[in-house]
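The values are calculated or read from the model by the stated rules, or taken from the named source; none is laboratory data. Quick caveat, the model's predicted, so the values are computed rather than measured. Don't worry about glycine lacking a Cβ; one is built from the backbone with ideal geometry, like all the others, and counts go over all protein chains shown.
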């Protein structure tokens, strides 16, 4: 009888240990159990880097916890004009020193755990030393996420601080949504570090800043208005520094080779009557395959893309297979032409931002071993690129062909 009781006690003890031990371990874990730890931190949402005459200017953007209303959605709290975010900057000979100077002036500890976007100014991007210093800072700061997005601009990166938060609570959310919607080139810290390890050739998406002119109702004169943010082309980096730019059209074509998923609005001139057709292109399959025949090195770039019609000023009949095929071929030809133009620029700069060398190394390791020392010169003279796009317009809404002018004119005559 005593042995049975002991057995029951052991079973109860084991059950309690299994249930209570994990719970006790969870209690012992450190974390943000109260607002005390949060109230001692300043969370960076966006980082801007510029090269100036006095050194490197580092600008950090923070949300203001004491200004954020509960349940609010805009950049202002209630009916007041107070912002729920702020920016602070310092200039120093190095990024690390500017960061330490920023920390010395703040009452809270700077933390990069929520940093999702880094913007680089033109002069900073054109300096190999500055770009390598940024890479060193990023790999040494443990809280910075390697999936944070990188952008460049042909003006000062700090210009982003002038962008108003209209649709979003924080301006940095606009950049985060660019990455989510994948309607522009998306490059992360991880992508840049991998590219630097492989030779330093990569692309960075461009941000454009535009000042919207408004009209004064009383004087009827134009005056400067709010700044507006948009996307443009892409910066071309060779051996760690920016040497050139792709146009917006070239960037839109290169997106399909550079990233797996994308969704892009695209305008094309209809071959039927020369009028505009707007489409939404969605990524399908992509394949880049090298082919080596003696000294002839070719890369076959194949992309399949599905498209839907957003709007049409053309009289094209989307029910007509011939007219639809001509439209698809027009898009194919334009994208292929823009890719060729982009690679012409890559050849002129002797850069390989798409990573053709890595593909050649994977498929033809013996050939790569011979070509690696002179690969940049080979890109400029001996490498042939053949892009091939297959566009399929598989959605055009309920209107196959509709002539609104004819309908309106007919109704008026009746």
Discussion item. Being in contact (Cβ under 8 Å) with a residue 24 or more places away in the chain, surrounded by 20 or more Cβ atoms within 10 Å (Cβ to Cβ) and out of contact with any strand residue (DSSP E or B) (no Cβ under 7 Å at 6 or more places or on another chain): is that true of residue 196 here?
Written reply: no
Item to complete: Please indicate, with yes or no, whether at least one residue in segment 154-162 is assigned to a helix (DSSP H, G or I) and within 16 Å of the chain's Cα centre (by Cα).
Response: yes
Item to complete: Pick out the one residue from 151, 137 that is under 29 Å from residue 352 (Cα atoms), in contact with a helix residue (DSSP H, G or I) (Cβ under 9 Å, 6 or more places away or on another chain) and in a helix (DSSP H, G or I).
Response: 137
Worksheet entry | Checklist (1) crowded, with 16+ Cβ neighbours inside 10 Å; (2) modelled with pLDDT under 95; (3) within 23 Å of residue 130 (Cβ to Cβ) applied to residue 104, failing item | (1)
Practice prompt. Test residue 174 against the stated conditions and say whether it is within 21 Å of the chain's Cα centre (by Cα), free of Cβ contacts under 8 Å to residues at least 60 places away in the same chain and closer than 27 Å to residue 265 by Cα.
Written response: yes
Worksheet item: Pairs under 6 Å by beta carbon, first residue without any contact (Cβ under 8 Å) to a residue 60 or more places away in the chain and on the phi < 0 side of the Ramachandran plot in segment 144-170, partner assigned to a helix (DSSP H, G or I) and surrounded by fewer than 16 Cβ atoms within 10 Å (Cβ to Cβ), six or more apart or different chains?
Response: 146/190
Worksheet, complete the sentence: Here the residues within segment 126-154 that are over 19 Å from residue 99 (Cβ atoms) and touching a strand residue (DSSP E or B) at 6+ places or on another chain (Cβ under 6 Å) are 126, 128, 147, 149, 151, 152, 153
Worksheet item: Checking residue 164 against (1) touching a strand residue (DSSP E or B) at 6+ places or on another chain (Cβ under 6 Å); (2) at pLDDT below 95; (3) surrounded by 17 or more Cβ atoms within 10 Å (Cβ to Cβ), which test does it fail?
Response: (3)
Practice prompt. Would you please name the residue that is modelled with the lowest pLDDT, looking only at residues in segment 363-381 that are exposed (fewer than 15 other Cβ atoms within 10 Å of the Cβ) and more than 15 Å from residue 199 (Cβ to Cβ)?
Written response: 381
Worksheet item: Does segment 73-95 contain any residue that is touching a strand residue (DSSP E or B) at 6+ places or on another chain (Cβ under 7 Å), under 30 Å from residue 134 (Cα atoms), in a helix (DSSP H, G or I) and at pLDDT 95 or above?
Response: yes
Worksheet item: Counting only residues that are touching a helix residue (DSSP H, G or I) at 6+ places or on another chain (Cβ under 7 Å) and part of a helix (DSSP H, G or I), how many does segment 347-370 have?
Response: 7
Discussion item. Which condition from (1) surrounded by 18 or more Cβ atoms within 10 Å (Cβ to Cβ); (2) modelled with pLDDT of 90 or more; (3) assigned to a strand (DSSP E or B) is the one that residue 208 breaks?
Written reply: (1)
Discussion item. Consider segment 251-264. How many of its residues are in contact with a strand residue (DSSP E or B) (Cβ under 7 Å, 6 or more places away or on another chain) and either surrounded by 15 or more Cβ atoms within 10 Å (Cβ to Cβ) or without any contact (Cβ under 8 Å) to a residue 24 or more places away in the chain (or both)?
Written reply: 9
Practice prompt. Hey, can you tell me all the residues within segment 311-345 that are part of a strand (DSSP E or B) and either surrounded by 20 or more Cβ atoms within 10 Å (Cβ to Cβ) or modelled with pLDDT of 90 or more (or both)?
Written response: 312
Worksheet item: Quick one: residue 267 ticks every box in (1) part of a helix (DSSP H, G or I); (2) without any contact (Cβ under 8 Å) to a residue 24 or more places away in the chain bar one, so which box is it?
Response: (1)
